[in-house]
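The values are calculated or read from the model by the stated rules, or taken from the named source; none is laboratory data. Just so we're clear, the structure is a prediction, and the values are computed from it rather than from any experiment. Positions of Cβ are generated from backbone atoms using ideal geometry, with glycine treated the same way; all protein chains shown enter the neighbour counts. Calculation scope for accessible area: heavy atoms of the full protein, side chains included, ligands and nucleic acids excluded. Shrake-Rupley method; radii C 1.70, N 1.55, O 1.52, S 1.80 Å.
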Amino acid sequence: MRIIFLDFDGVLNNTSSESKSMEYSERMYNKLDSLVSPSNFFPIQHLFNFMYEHDIKLVISSDWRCGAEDQVKELLQLYFGHFIIDKIYYGNTPVLNMETFNRGDEINLFINTQLTLTEKTNLKYLVIDDSSHKGSLDSHPFLKTDKCVGFTYSDFARTPQYFFEEKDREFKKKMVVGKILMDSRLVNTIKALD
């Protein structure tokens, strides 16, 4: 089994932290338009397409899941479409008391309680987050994004190394670079039409 544990703030967007005291519904209302920054949309879309093509499941580890698990999936469907999200979405990590536990504990609990023995034995996973959460993610395969920029094409290009053997990585990397070049040509074409 392959899984990506995904944070939102500082990954899907370049807003690293919102007040933790804000209620979920208030955060959703205030940030609906900024869930995905325009500069992060295409790299994230490619990530989700890559996950779809290679049967990599999505588990939400972001604080956005707190108190509104179903709404997070619906929000992703609005941005990226039902077809892709319905195929890759696998669930959310459990919400633990952050005074005692941390993001790494939530990921460990998900792996230990939500996956079968066979899935755990064959598990390859990646945590994409803008913070190591005081080192709690250091023992996990971890791709750290720049919280001021969010998930980029460079981050996307590094993703295959976490899921494929060395012999397959070069092919996957070429595929990823090809998609990035296609996007840049599309952007240049659109600019030329203006």
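Restricting to segment 92-128, and then to whatever is more than 28 Å from ASN40 (Cα to Cα) and of a type in the set (Asp, Glu), can you tell me which residue is modelled with the lowest pLDDT? The residue in question is GLU99. Residue count for segment 72-96, restricted to those that are open to solvent by 80 Å² or more (accessible area, probe 1.4 Å) and closer than 20 Å to GLY10 by Cβ: 0. Contact map, segment 130-153: residues that are under 17 Å from PHE48 (Cα atoms) and modelled with pLDDT of 90 or more paired with residues that are of a type in the set (D, E, K, R) and surrounded by 18 or more Cβ atoms within 10 Å (Cβ to Cβ), Cβ distance under 7 Å, separation 6+ or inter-chain. Pairs shown: LEU143/ASP155; THR145/ASP130; THR145/ASP155.
Filtered by the rule that a residue be open to solvent by less than 40 Å² (accessible area, probe 1.4 Å) and assigned to a helix (DSSP H, G or I), segment 50-71 gives PHE50, MET51, ASP63, TRP64, ARG65. Take the conditions (1) within 14 Å of the chain's Cα centre (by Cα); (2) closer than 21 Å to PHE163 by Cα; ASN108 misses just one of them, which is (1). Which residues, taken from segment 57-79, are among the hydrophobic types (A, V, I, L, M, F, W, C) and under 23 Å from MET1 (Cα atoms)? Of everything in segment 57-79, those that are among the hydrophobic types (A, V, I, L, M, F, W, C) and under 23 Å from MET1 (Cα atoms) turn out to be LEU58, VAL59, ILE60, VAL72, LEU76.
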